[in-house]
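These notes are about the structure you will find just below.
The values are calculated or read from the model by the stated rules, or taken from the named source; none is laboratory data. Predicted model only: the values in this text are computed from it and were never measured. Cβ: placed from backbone, ideal geometry, glycine included. Neighbour counts: every protein chain shown. Please note that ligands, DNA and RNA were not included when accessible areas were found on the heavy atoms of the full protein model with its side chains. Shrake-Rupley method; radii C 1.70, N 1.55, O 1.52, S 1.80 Å.
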Amino acid sequence: MADGTDQKSSNQMWGGRFASGPSAIMEEINASIGFDKKLYAQDIRGSMAHAAMLASKGIISPEDKDKITEGLNTILSEIESGSFEFSRKLEDIHMNIEARLATLIGPAAGRLHTARSRNDQVALDFRLWVKEELQKAEGMLTALIAAFLDRAEENADTVMPGFTHLQTAQPVTFGHHCMAYVEMFGRDRARVRHAIEHMDESPIGAAALAGTGYPIDRHMTAKALGFREPTRNSIDTVSDRDFALEFLSIASICATHLSRLAEEIVIWSTPQFGFIRLSDAFSTGSSIMPQKKNPDAAELVRAKTGRINGSLIALLTVMKGLPLAYSKDMQEDKEQVFDAAESLELAIAAMTGMIRDLEVRKDRMRAAAGSGYSTATDLADWLVREAGLPFRDAHHVTGNAVALAEKKGCDLADLSLEELQAIHPGINKGVFDVLSVEASVASRTSFGGTAPSEVKKQIAWWRGRN
């Protein structure tokens, strides 16, 4: 009676879902097939390369290699057709594929795992997957950069207000503003390319952590799998998740750039700004307010940054206290990367579509470009250049001119020459050549400046890059 009572009490402690007690909990926490089945193609590809290498070195027979390859191709077809049955009891993608291979080809399947471990196998699968995602991100960033280059070229001389603190600062061109994002996403693409170079090493053959006594050829498998070379330390190989952390770091930085752009799109599309109109494809309406056109795609891009940043912090936290070599904690690496990759891919695609489709309202940008006395700095620079004032004195004189224009409710260019000379006698009619927003942007010809001529040079330079 006591034993029965204890068993019932124990099962209640484990909770209703785990009616069979601790073993059910262990199966639940240990199984990764629910998410690592995403690695099936990489796992099969790695196994084929491994089998080919084993056969070339005489470790398995050519006949067994052919059986293994044929069986793996069958499994690949089954998974891609949806007929493959994944089992939680087999824990992960590796054991699910291995068990099915044994059913298909018999004892030859058992020879596939010679000279490798699940430790180097999962490191290989995950690294291959992340490398492919980085290559995909590189292509998507190139498309986004191309969209911005097109917009910049169309708007190299479209004037708009430039902001600091979200306050009107100086006139710029919309083309110049677009090129700022070309620079940001260009750096993101460079980080992606560097990450691919860093991780371009094959883990297979490191085995559990110490390498293997079989006469394997790791350079052969590395080449077959498209890696530059094999990894150089077997302990580090099975312990390393730097490539996943680097991917998440790059994704977080890129998502931050996307989020900043999304915020500007949200602001620019408001009736108060009206700088752009979003296409219907990237907007939604309101269920009760028929006049609304909401920039939901941009808002969701902005929000996904939180998910991606969270994934980076989660994996950093998982890895921070692990001794060498492999620990089961590292099973928690994949879901974060999978989610971040999906979020980043969707965000880049949505942003590329928005930039391609949006309508630039040049009239609204032009009207806003001169607001807030945006050419005040041009007046100060003119006083230094033409009237010989020290910049601090010119700054003071310009402040007085702004105060007068504000009092009169007009722009600086609308003040009369007499009014300006009353503020400082050194001002002459030449000052009006710099007080329009068009003259202001045209004068900013320093390298990387907003002048249309300079913007066009930068566009040409970027178009010449790969």
What nm value, rounded to one decimal, do you get for the distance between Arg232 and Ile29 when each label is placed 7 Å out toward the C-beta? 3.9 nm
Interchain or sequence-distant (5+) residues whose placed amide H lies within less than 5 Å of the amide H of Ala169 are Gly162, Phe163, Thr164
Which value, in Å² and to the nearest 10, is the accessible area of Ile29 when all protein chains are kept and the probe is 1.4 Å? 120 Å²
If amide H atoms are built 1.01 Å from N in the plane of the peptide, which residues on other chains or at least 5 residues away come under 5 Å of the amide H of Thr158? Phe174, Gly175
Ordering Arg385, Arg111 by accessible area with a probe of 1.4 Å, largest first, what comes out? Arg385, Arg111
With Cα atoms, 0 to 90° folded angle of helix 376-387 axis to the chain main axis: 50 degrees
Go ahead and run the numbers for FRET between Glu342 and Leu316, Cβ-Cβ distance against an R0 of 25 Å, rounding to 0.05. 0.80
Looking at Ile44, Asn96, Gly58, which one has the Cα that reaches farthest to the positive end of the dipole of segment 28-114 (charges on Cβ: Lys, Arg +1; Asp, Glu -1)? Gly58
Added length on full extension, which subtracts the Cα-Cα distance from 0.36 nm per residue, His113 to Asp433: 107.4 nm
By how many degrees, between 0 and 90 and to the nearest 10, does the Cα long axis of helix 452-463 differ from the longest principal axis of the chain? 20 degrees
Not counting ligands, DNA or RNA, and with a 1.4 Å probe, what is Cys178's accessible surface area in Å² rounded to the nearest 10? 0 Å²
Say R0 is 41 Å: what FRET efficiency, to the nearest 0.05, do Arg260 and Phe391 get from their beta-carbon distance? 0.85
Just grab the label-to-label distance for Gln421 and Asp296, each label 7 Å out from Cα along the Cβ direction, in nm (one decimal). 6.2 nm
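Would you mind telling me the share, in percent, of accessible area of the chain contributed by carbon and sulfur at probe 1.4 angstrom? Intermediate values should be presented prior to the final figure.
Numbers: 11910 of 22520 Å².
Of all accessible area on the chain, carbon and sulfur atoms account for 53 percent.
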Heads up, I need the accessible area for Leu101: 1.4 angstrom probe, whole protein in place, Å², nearest 10. 0 Å²
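Over the chain, with the other protein chains present, what is the accessible area per residue in square angstrom, probe 1.4 angstrom? Walk me through the intermediate numbers first.
Working: 22520 Å² over 466 residues.
Each residue of the chain exposes 48 Å² on average to a 1.4 Å probe.
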Any idea how far apart Lys89 and Lys136 come out in nm if each label point goes 7 Å out from Cα toward Cβ? 3.3 nm
Residues with amide H under 5 Å from that of Ser202, placed H, sequence gap 5 or more: Glu229, Thr231
Rounded tilt (10° steps) of 296-319 against the dominant C-alpha axis of the chain: 50 degrees
Cα-centre dipole for segment 369-461 with unit charges at Cβ (Lys and Arg positive, Asp and Glu negative), debye to 20: 260 debye
Helix-only [θ] at 222 nm, the chain, -39500 (n - 2.57) per DSSP H run of 4+, per residue, nearest 500, equals -20500 deg cm²/dmol
How much net charge surrounds Ala52 when only the other residues with a Cβ under 14 Å from the Cβ of Ala52 are counted, with Lys and Arg +1 and Asp and Glu -1? +3
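Charges only on Cβ, +1 for Lys and Arg, -1 for Asp and Glu: so what's the dipole of the chain about the Cα centre, in debye to the nearest 20? Mind dumping the intermediate values first?
Numbers: 52 positive and 63 negative charges, 46 e Å.
Computed charge dipole of the chain: roughly 220 debye.
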Leaving ligands and nucleic acids out of the surface, order Met160, Met26, Met319 by accessible area at 1.4 Å, largest first. Met26, Met319, Met160
